[in-house]
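Here is the structure we will look at, set down as structure tokens.
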Amino acid sequence: MKKEEMIRYFRTVLSDYSRRSFLRRLIGGTGGNLSLRVPDTDTVLITPTGVSLEEVTPECSVLVDLDGNIIESPLGFKGSKETGFHLSAYKIRADVMAVAHLHPPYSTAYAGAGASLPLATVSARLILKEVPCVPCYNPGSKELADCVTAALQKNLNLKALLMQDHGILALGPDMKAAYYTADLVEHTAQVAYFLKNIK
């Protein structure tokens, strides 16, 4: 597949999983952002700032290099304000090819507590192993990007992070895997909440 064809294909993938994330209620409003690394390149496609994930079309996504410079933006959008920590994930982890930053309600509620996610099911313990929480900093800030970077450097096997008072970060070898990791984090948070209230 030629590079241009590959980029067109991955724009479609990014658009598809953006809408899925919105319809799955992993995000609300215009929050959240998804990205994927174009294989065998130092480029990343990321969703635009200020556009609901429900409305992300293939042409909306922004192609950037690993320093965040815009290479191509068919509709003139800027990339997400959280581009910094997306790019950090790709620089730190060669195995990561997709990143999902979402605000699912149960996970975000647990993130508000500032503690690691309780791994309430055997599946969560086997698959996720650990979901630590990073401290709260303003969205889009250098402090937040640095904090996420430090957490990823500390544990090179992390699949997900909670972000205090903010949301979650899920990583994967492709967009489908990152999406399902985000969904598992949210399901785990729901079960943990129900379990706490049953006890």
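In deg cm²/dmol and to the nearest 500, what is the mean residue ellipticity at 222 nm of the chain if only DSSP H runs of at least 4 residues count, each as -39500 (n - 2.57), divided by the residue total?
Dividing the helical sum by the residues of the chain leaves -13000 deg cm²/dmol.
As a rough guide to protection, the peptides 136-147, 100-111 ranked by mean Cβ packing within 10 Å, highest first, stand as 100-111, 136-147. In the set (1) 1.01; (2) 0.93; (3) 0.96, the label that goes with Rg/Rh (Cα atoms, Kirkwood Rh) computed for this structure is (3). Here 24, 11 are placed in order of increasing Cβ neighbour count within 10 Å, fewest first, which gives 24, 11. Over the chain, Cα pairs under 8 Å with separation of 6+ residues give a relative contact order of 21 percent.
Rank these for me by crowding, 22, 194, going from fewest to most other beta carbons within 10 Å.
194, 22
Close Lys pairs in the chain (alpha-carbon distance under 19 Å; sequence gap of 8 or more, or different chains): 10.
Put the Cα centre of the stretch 158-187 next to the Cα centre of the stretch 54-90 and the gap is 19 Å.
In debye, nearest 20: dipole of the chain around its Cα centre with unit charges on the Cβ of K, R (+) and D, E (-)?
Computed about the Cα centre, the dipole is about 600 debye.
Since every read-out is calculated from the coordinates, none of them should be taken as a lab result. For clarity, every value in this text was computed on a predicted model and none was experimentally measured. For neighbour counting, all protein chains shown are included, and Cβ atoms are generated from backbone atoms with ideal geometry for every residue, glycine included.
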